[in-house]
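Below you'll find the structure, written out as structure tokens, and then a few comments.
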Amino acid sequence: MYTEWNLAVKFLRDARGQTAMISVAITVGVAVIIYIVALITGLQANMINRTLGTQAHIKVYAPKEINLPAPLENGELRLMLEDPRAQRLRSINNWQNLRDLFDADAELLAVSPLASGPAFAQRGTAHMSVALIGIDPVRYQRVIPIANDIIAGEFRIGAGNAVVGSRLADELGLHVSDKLRIDAGGSDSGREAVLSVTGIFELGVRELDERYIYLDLPQAQALLGLPGGITTIDLLVPDVFSAERIAARLHHLTGLKVESWMQTNSQLMSALKAQRLSTSMISFFVAISVAFGIASVLSISIVQRTREIGILRAMGATRRQMLTVFLLQGALLGLAGAIAGSACSYALAWAFNTFGPGLFQIVIWPGLLISASAIATLTGLIAAAIPARRAARLDPVAAIRYA
Amino acid sequence: MPEEVLHLARVHKSYNIGQPAQTEVLHGIDLHLARGDFAALIGPSGSGKSTLLNLIGLLDTPSAGEIHLLGRPTQTMNDTERTMHRACAIGFVFQFHHLINSFSVMENILMPLMLTRGKPKLQDTQLAYTLLAEVGLADHATRRPDELSGGQQQRVAVVRALITRPALLLADEPTGNLDTTSADSVFQLLRRFHQEFGCAVLLVTHDPRLSSACDRTIKIIDGHIVSDTSHIASGDNSH
Ligand SMILES: Nc1ncnc2c1ncn2[C@@H]1O[C@H](COP(=O)(O)OP(=O)(O)OP(=O)(O)O)[C@@H](O)[C@H]1O
Ligand SMILES: [Mg+2]
């Protein structure tokens, strides 16, 4: 291998112009691939983080209420016109046991039962349709750290208190310590209350800032007509991408309706997937064009080195040795381009982080560099295969006469 | 009794086999070379000298007939075996010096060893230096071949051909494009190393002065050996 290595290095070094040009091409290719992968990864992580900043990873609901027709006798046929049932607000059965079960589950980081349902908020003559969220503040904050998003007052809920969204506060002209009337079932049902605003939050999601009112769990239960009941359990998992799998497992475990954030945001997920697919395609095509560049440069180099190959063969170089020499050149070009490309991608990422929109940071992790370098080297090796075979098969007699 | 290095029996060579342009270039060549031989191969242009040399050097395969090199039949060998056999039994010198300009003079000389054994050993380098000094180029060891004159390059090529101590040295018009003085010095080198290393030499040349200075002259015309004469030349050969 010593001799093959020497030949490969010297051949590359002596074809300085060609080597330099193809190295630049490989460098650009590798840099583009690393940069675009890091960019898309950063962008996607940012989008997912922002989405999950206001959402639980997994939500558990009571199962849908369905009609249960009496079973058929043997051989009996029935024609049935079925009206799906309206889904009333209802509690998850046995939720305390479920909460304890989830608390003990190693794959769940946080468990937050909550009672939520629709209501009207009223101040003066203004009415707004809102969503009441009755929570256990300590547990809830482990899932969604809402205290970070308070823009006025504080995140304090207890009997008679409420924390409302900024847009709602705006619409109703609410300030901290103002009063707010909540009506969750018509004036004759007794499910109404006057609450005092202790805090105003802004999550940056219009829907939430306009509709959410956080209450103490017992108060929400009373208002929504669910004494002692809860409608939802919010869960947090360590690895967001395992949410789907854990959701499926919890569904099998409990028989309840379990929805992961991936299902809730299926549109986002397919957008991300399409993005990743186009990234892979771009990388693939860049790699292909780099490969053809390497192959063409080596093909030319073999024509230029026909005489040398002939002499080497006459001096006892085997076909395998000639094959190795040119394969090595391909791999070396790929590796050199990979190293330079990695450095360039760092510069690009630095430029983006320094001068870019600043929405998120591009992070280039070592694994990405290693795999990009491995792929570039492998691409060089594969691209060299066809020219190298030609070098190995070159007829030494013809090659020598070529002088 | 001199030991046999090369034995050719009824060797034919055709080009473009199976095509309309098929031509037989060598028509049943029989030839022996012994260890002490210093033979000239002469003949008009196109008579098949280079073709024969390439067959002997295992760079090409005959269409028919047998070639035994150092007692081993070569027609059943595959490409790798022929390459290995060539690497240890044969040294080549071509008309155009054919050095590799990417490597220094020293590296060029060691190349045949490096190809078969990898990194050169100290005694290999020492031998290369000794030989380079004998051809008067000791202080050119680290130069690039294209910085040397044609005659100097050809002397380097001779040293390179001998570094593996081959049993047979094949030289195809080694002095073909050199002036008389350089040609003479290269020829003297061949004679000297022939004696020093005890290898057989087969030398293609168009120069009657050189062929008459060899111990044996083989003449080939249109693919037939027409004469094979031994004559102890003026030279310093004591065999
Ligand atoms: N690859 C080939 N294909 C077809 N014909 C060839 C090939 N190589 C050589 N020949 C023919 O074989 C004949 C002998 O060629 P060769 O090179 O052996 O001659 P030579 O004796 O070495 O001549 P010179 O003294 O000019 O070097 C020539 O007629 C040549 O045209
Ligand atoms: Mg010739």
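Only the coordinates and a few stated rules stand behind these numbers; no lab work does. Since the model is a prediction, treat every value here as computed from it, not as a measurement. Because the Cβ atoms are built from the backbone with ideal geometry, glycine has one as well, and the counts that use them run over all protein chains shown.
Ignore the peptide's own chain and count Cβ atoms of other chains within 10 Å of each Cβ in B:47-57; give me the average, rounded.
Taking the mean over all residues of the peptide, I get 1.
Please list, or write none, the aspartates and glutamates whose alpha carbon is within less than 12 Å of the alpha carbon of B:Lys119, excluding same-chain residues fewer than 8 places away.
The qualifying aspartates and glutamates are A:Glu4, B:Glu107.
Given points 7 Å out from each Cα along the Cα-Cβ axis, report the A:Arg401 to B:Gln126 separation in nanometres with one decimal.
So the two model labels end up 4.4 nm from each other.
Compute the distance in nm between two label points, each set 7 Å from the Cα along the Cα-to-Cβ direction, one at A:Gln304 and one at A:Tyr2.
The answer from the label model is 2.8 nm.
Can you bin region A:95-236 into rounded, prolate or oblate? Criterion: square roots of the alpha carbon gyration tensor eigenvalues sorted a ≥ b ≥ c, rounded for a/c under 1.5, prolate for a/b above b/c, oblate for the rest.
Taking the square roots of the gyration eigenvalues as a ≥ b ≥ c, region A:95-236 is oblate.
With a sphere of radius 13 Å drawn around the Cβ of A:Arg88, what net charge do the other residues whose Cβ falls strictly inside it have (Lys, Arg +1; Asp, Glu -1)?
+2
Straight-line reach from B:Lys219: which lysines have Cα under 21 Å away, leaving out those fewer than 8 places along the same chain?
B:Lys13, B:Lys49
Work out from phi, with θ = phi - 60° and the Karplus expression 6.51 cos²θ - 1.76 cosθ + 1.60, the ³J(HN,Hα) of each residue of region B:147-164, listed in order in whole Hz, and give x for Gly and Pro.
With the stated coefficients, region B:147-164 comes to 8, 9, 6, x, x, 5, 4, 5, 5, 4, 4, 5, 4, 4, 5, 9, 5, 8 Hz.
DSSP beta bridges in the protein assembly as shown, what fraction antiparallel, as a percent rounded to 5?
Once the DSSP bridges in the protein assembly as shown are tallied, antiparallel ones form about 70 percent.
May I ask for the distance between the Cα centers of region A:163-242 and region A:293-324, given as a whole number of Å?
77 Å
Within region A:216-236, whose backbone N sits under 17 Å from a point 7 Å along Cα→Cβ of A:Glu154?
A:216
With just the Cα atoms of region B:179-234, tell me how far they stretch along each of the three principal axes, in Å, largest first.
On the principal axes, region B:179-234 reaches 31, 27, 19 Å in Cα extent.
A:Glu202 to A:Phe285: FRET efficiency via 1/(1 + (r/R0)^6), r the Cβ-Cβ distance, R0 56 Å, to the nearest 0.05?
About 0.80, to the nearest 0.05.
Where Rh is the Kirkwood radius over the Cα pairs of chain A, the temperature 20 °C and the viscosity 1.002 mPa s, what D in µm²/s does Stokes-Einstein return?
Here the translational diffusion coefficient equals 80 µm²/s.
Just grab the label-to-label distance for B:His32 and A:Gln263, each label 7 Å out from Cα along the Cβ direction, in nm (one decimal).
Between B:His32 and A:Gln263, the simple spin-label model gives 9.5 nm.
If r is the Cβ-Cβ distance from A:Glu76 to A:Leu109 and R0 is 51 Å, what FRET efficiency results, to the nearest 0.05?
0.50
With the Cα gyration tensor of chain B in hand, give its eigenvalues times 5 under a square root as the equivalent ellipsoid semi-axes, listed largest first in whole angstrom.
The three semi-axes for chain B are 28, 21, 18 Å.
At a Förster radius of 22 Å, what calculated FRET efficiency corresponds to the Cβ-Cβ distance of A:Ala374 and A:Leu277, to the nearest 0.05?
Given R0 = 22 Å and the Cβ-Cβ separation, E is 0.50.
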